[in-house]
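Scroll down for the structure; my scribbles are underneath it.
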Amino acid sequence: MNQIPTRRTIRELPDVLISQIAAGEVIERPASVVRELVDNALDAGARHITLRLLGGGIRLISVEDDGCGIPSEELPVALKRHATSKIVSLEDLESVATMGFRGEALAAINSVSEMSVLSRPEGAATAFLLDGQTGEVRPAARAVGTTVEVKELFFSTPARRHFLKSENTELAHCIEAVRRHALVRSEVSFAIWHEGKIVEQWRSHPGEAGWNQRLADVLGEDFVASSVNIDFRSGPVHVRGRAGTPDAARARADQQFAYVNGRFVRDKVITHGARSAYEDVLHGQRQPVYVLYLQMDPARVDVNVHPTKIEVRFRDSREIHQAMRHAIERALAVPRAQLLSSTESALAPNQTNLDRSFLAPSPSAPAGSNTWSQRGMAFGADRATEDPAKALAELKALWGNGPQVEEPPPIFSQAAPLASTAPQSTSEQDWPLGRAITQLQGVYILAENSQGLIVVDMHAAHERIVYERLKQQLDTTQISSQPLLIPASFAATPQEISTAENCADVLQQLGLEVSALSAKTLAVRAVPTSLAQGDAVELARSVLAELAQHDAATVVQRAQNEILATMACHGAVRANRKLTLDEMNALLRQMEATERSDQCNHGRPTWRQVSMRELDALFLRGR
Ligand SMILES: Nc1ncnc2c1ncn2[C@@H]1O[C@H](COP(=O)(O)OP(=O)(O)OP(=O)(O)O)[C@@H](O)[C@H]1O
Ligand SMILES: [Mg+2]
């Protein structure tokens, strides 16, 4: 029954059809036209770009710029396929610094719409208007610059027009396309009109400070307030920009902007590198937010791999992945308490500022104060021993590592008033997380700082501190292990037994020794010293369960972090434990000095600032 298809002669396609087919790849919807036209305006050196839309861009897209313009004799050439002023050779392509280089966009747009180009270059007596349909060029009025008008997109290809969504949806995509440009070109002003009404306007802001202002204009003040600055060099790659704190993460990945040499890209390596930087502070499905600019020698990246240029190919993707990961990871590691002064002052200039020098090594953060391995794991262990006297002694020892060795800080001497702190030490006024006042319902620590009230989730915070200490120990040495006098045995599942056998090395690295007593019994013979007082069986079981899910060879680092997190959870002070004020203060000071202490191991915040202003608002109190 199979019919042999009748063969047709091989023929060259007509030019219009070639362009229409090509346009299918480049122009998908109004937003693609917007992107191409704004690209062109920026390449022409425009300082002001105005976009006017009708019907979500389907009926009309007009882009006006004050760039260099196109001489009248070149106007018809501009609409030809493969006609460009931006490259002339392969070498040019390899080092291309403009957005455009294919000489294809205008030809593609012209083949699926009614297009006209009105342009006047510097020095020309008048402007000229090119009708894309007829190719006719005639004099017209306009200041220096170019206006491209695109009407009735896909009018000649109804099938494509059917794929378009509602006007509102198309409008949103058009705005998003300009937003991507606006985030990287803060020196250029943008205005977007729809149906005669202005819908977005971003004024130009020159310079470094202007860029922050542009981010705030486009993404909102919140984005800037809840993100950290990134400026990181890794070999040939320079990463700059801002990355949101874990708190700022969103349900959707709709605020992730990455640029390579000024070009917006969507790239798996970049996205994955960024996501992995959040692994330790952001759990579940939450999506981080960021605006990041990667700068590198153009020869290290091929921009000519995708019809819409939104994808690129890196010569060395590992180098990009690592640069992204490390850039964000380092910036996020700094406890926000340390940054309180700088952000607060930027956002609320009339509020009391904390000591900026906290960012530099200062008495409150003495050199080496982060090396928890040197201090042992006193706090975590002592919570388990439930021995207040010993706990206090250990805490004193902790403080003793600071500059106050000779003179212990007065918080440990009940007689001394709090204010009389040793002269060279940071005064309590300067503690970013403030002075503990009390414990609430066994769950929260309330503290007072110069901004108002600090509320700390004590278990969550302590869990992170123990976790970071465990990680540091793993980095420097092995986690110290303590043999149990009487091994703790338990009835194990076949999977637990095989995991214990297969992962003996990893377990040992983690300070655990678990071996088979019989075909169905495991014995825990040693546990991490810091967790010696905990439930050895429960610990071994949860670690085995986690290990079973991970291929120890390839994801050891990740597994270790997760396992350490499990261990930290066991070691952390539980809710409903009464803490003394000294213990609370010690916890606050540890938080200030511990990396990533703003989030617990599950990505939830560990503390919140409630400002005086917010408190006043609660009581309708004007200031
Ligand atoms: N707004 C503009 N101002 C000045 N010149 C322009 C403008 N738009 C287009 N041109 C000129 O028209 C040429 C063709 O534009 P077109 O967008 O088709 O190609 P391209 O930008 O060179 O490459 P690509 O297809 O990658 O965008 C450009 O090379 C440029 O010289
Ligand atoms: Mg172009």
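The values are calculated or read from the model by the stated rules, or taken from the named source; none is laboratory data. As the structure is a computational prediction, the values presented were derived from the model and not from experiment. All Cβ positions, even for glycine, are placed from backbone atoms using ideal geometry, and neighbour counts span all protein chains on display. In case anyone asks, the SASA skips ligands and DNA or RNA and just uses the protein heavy atoms, side chains included. Shrake-Rupley method; radii C 1.70, N 1.55, O 1.52, S 1.80 Å.
Key figures for this structure:
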| quantity | calculated |
| --- | --- |
| Residues satisfying the stated conditions in the range 147-164, i.e. in a strand (DSSP E or B) and in contact with a Pro (Cβ under 9 Å, 6 or more places away or on another chain) | VAL150 |
| Residue pairs meeting the criteria (Cβ under 9 Å; at least 6 apart or on separate chains; first in the same structural domain as LYS309 (by TED's automatic domain parsing) and farther than 13 Å from THR146 by Cβ, in the range 38-56; second within 9 Å of ligand 1 (Cβ to nearest atom) and not in a strand (DSSP E or B)) | none |
| Residue list for the range 580-606, filter: hydrophobic (A, V, I, L, M, F, W, C) and open to solvent by less than 20 Å² (accessible area, probe 1.4 Å) | MET584, ALA586, LEU587, LEU588, MET591, ALA593, CYS600 |
| Matching residues in the range 163-180 - criterion: being within 17 Å of VAL26 (Cα to Cα) and either open to solvent by 60 Å² or more (accessible area, probe 1.4 Å) or at pLDDT below 95 (or both) | PHE163, LEU164, HIS173 |
| Filter result for LEU60 (in contact (Cβ under 8 Å) with a residue 12 or more places away in the chain and either out of contact with any strand residue (DSSP E or B) (no Cβ under 9 Å at 6 or more places or on another chain) or within 11 Å of ligand 1 (Cβ to nearest atom) (or both)) | no |
| Given (1) part of a helix (DSSP H, G or I); (2) among the hydrophobic types (A, V, I, L, M, F, W, C); (3) modelled with pLDDT under 90; (4) over 30 Å from ASP430 (Cα atoms), index of the condition ALA568 fails | (4) |
| Subset of the range 512-531 (residues that are under 20 Å from ALA568 (Cα atoms) and touching a Leu at 6+ places or on another chain (Cβ under 8 Å)) | LEU512, GLU513, VAL514, VAL524, ARG525, ALA526, VAL527, PRO528, SER530, LEU531 |
| Scope the range 1-19; condition surrounded by fewer than 19 Cβ atoms within 10 Å (Cβ to Cβ) and assigned to a helix (DSSP H, G or I); matching residues | ASP15, VAL16, LEU17, ILE18 |
| Looking only at the range 49-75, and only at residues there that are over 23 Å from GLU28 (Cβ atoms) and open to solvent by 70 Å² or more (accessible area, probe 1.4 Å), the one that is farthest from ligand 2 (Cβ to nearest atom) | GLU73 |
| Members of the range 76-123 that are in contact with a helix residue (DSSP H, G or I) (Cβ under 9 Å, 6 or more places away or on another chain), more than 16 Å from ligand 2 (Cβ to nearest atom) and either open to solvent by less than 30 Å² (accessible area, probe 1.4 Å) or assigned to a helix (DSSP H, G or I) (or both) | GLU94, PRO121 |
| Residue check, LEU517 modelled with pLDDT of 75 or more, surrounded by fewer than 22 Cβ atoms within 10 Å (Cβ to Cβ) and not β-branched (Val, Ile, Thr) | yes |
| Qualifying position, being within 14 Å of ligand 2 (Cβ to nearest atom), part of a helix (DSSP H, G or I) and open to solvent by less than 10 Å² (accessible area, probe 1.4 Å), among ALA41, ALA46 | ALA41 |
